[in-house]
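Asker: Below you will find the structure I want to go over with you.
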Amino acid sequence: MTESYELTRPVFFVGFMGAGKTSVARRLARVCHVASVDMDTYLERREGKKVKEIFAESGEEGFRVLETDVLAELAAKEPLLVSCGGGVVTREENRAILARAGFVVHLKVSADEAAGRISDTSTRPLFQDLEAARARCGERAPLYEGVADATVDTAGKSVFAIAREVQDVLVEEGVLCQQRK
Ligand code: S3P
């Protein structure tokens, strides 16, 4: 008998760059046999361009327009685990979609800890300088908290441990339901 789960609502992972949103969503998807998607990867495939290129060609605003479009698209699909880009909470419109459409998990991380986890900052146009990242992380903190249905502090924890914690929360909240097959 395999343990299989079903999502009753989409789950959106939010948090600053380097929080582990993509790795945790992937790990949880593997353990629970549910689908996951990374918003940036989805957007890059859809647009045929890297995030870095979109920022260079159309600026942050151009990227944000596409990001909102992709968020709305993913929110309308069959429930998935969605790892969002760190800046998704900066737009009011996006916060409304998140609040309306699903269950939001905030993976909390400090800019300093995130800097240690990000191996290649060249792919992240908004994480070029630690001082600026600290300021940005501080500005966004209330936005992440405001939209979160649950917050998991990731400091010093492995992806496995964080995924396990998130799994317990989702089961408790009735978002992830176990099925016997
Ligand atoms: C951004 C975070 C990135 C990506 C883009 C902008 C941000 O995603 O969407 O570079 O504004 O915080 P990750 O959080 O997955 O790195």
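Asker: Taking the residues in region 84-116 that are touching a Ser or Thr at 6+ places or on another chain (Cβ under 9 Å) and of a type in the set (Lys, Arg) as candidates, determine which candidate is surrounded by the fewest Cβ atoms within 10 Å (Cβ to Cβ).
Answerer: My answer is Arg91.
Asker: Between residues in region 43-55 that are of a type in the set (Asp, Glu) and residues that are surrounded by fewer than 16 Cβ atoms within 10 Å (Cβ to Cβ), which pairs lie under 7 Å by C-beta distance while being six or more apart or on different chains?
Answerer: From region 43-55, the pairs are Glu44/Lys50.
Asker: If Val175 satisfies all but one of (1) closer than 23 Å to Asp40 by Cα; (2) surrounded by 15 or more Cβ atoms within 10 Å (Cβ to Cβ), what's the number of the condition it fails?
Answerer: Condition (1) is where Val175 drops out.
Asker: Here is a follow-up. Just name the residue that is surrounded by the most Cβ atoms within 10 Å (Cβ to Cβ) out of those in region 1-45 that are within 11 Å of the ligand (Cβ to nearest atom) and aliphatic (A, V, I, L, M).
Answerer: Val14
Asker: In region 57-85, what count of residues is obtained for those that are touching a residue at least 40 places away in the same chain (Cβ under 8 Å) and not charged (D, E, K, R)?
Answerer: Qualifying residue count, region 57-85: 9.
Asker: Can you pull out every residue in region 124-170 that is touching a residue at least 60 places away in the same chain (Cβ under 8 Å), outside any helix (DSSP H, G or I), away from the ligand (no atom under 11 Å from the Cβ) and not aliphatic (A, V, I, L, M)?
Answerer: Within region 124-170, just Thr154 meets the criteria.
Asker: With respect to Val147, is the statement that it is touching a strand residue (DSSP E or B) at 6+ places or on another chain (Cβ under 7 Å), at pLDDT 95 or above and under 30 Å from Ala56 (Cβ atoms) true?
Answerer: Values: touching a strand residue (DSSP E or B) at 6+ places or on another chain (Cβ under 7 Å): yes; at pLDDT 95 or above: yes; under 30 Å from Ala56 (Cβ atoms): yes.
Spelling it out, Val147 is indeed touching a strand residue (DSSP E or B) at 6+ places or on another chain (Cβ under 7 Å), at pLDDT 95 or above and under 30 Å from Ala56 (Cβ atoms).
Asker: Please return the ranges of strands (runs of 3 or more DSSP E) entirely within region 18-123 where 3 or more residues are under 22 Å from Gly174 (Cα atoms).
Answerer: Numbers: elements: 36-38, 81-83, 103-108.
In region 18-123, the matching strands (runs of 3 or more DSSP E) lie at 81-83, 103-108.
Residue by residue, here is whether (1) within 11 Å of the ligand (Cβ to nearest atom); (2) farther than 21 Å from Leu28 by Cα; (3) of a type in the set (Phe, Trp, Tyr); (4) within 14 Å of the chain's Cα centre (by Cα) holds:
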position: Glu67; (1), (2), (3), (4): yes, yes, no, yes
position: Ala75; (1), (2), (3), (4): no, no, no, yes
position: Glu78; (1), (2), (3), (4): no, no, no, no
position: Gly86; (1), (2), (3), (4): yes, no, no, yes
position: Arg91; (1), (2), (3), (4): yes, yes, no, no
position: Arg95; (1), (2), (3), (4): no, yes, no, yes
position: Ala101; (1), (2), (3), (4): no, no, no, no
position: Val104; (1), (2), (3), (4): no, no, no, yes
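The values are calculated or read from the model by the stated rules, or taken from the named source; none is laboratory data. Since the structure is predicted, the reported quantities are computational estimates derived from the model, not experimental observations. Glycine gets a Cβ as well: all are built from the backbone with ideal geometry, and neighbour counts include every protein chain shown.
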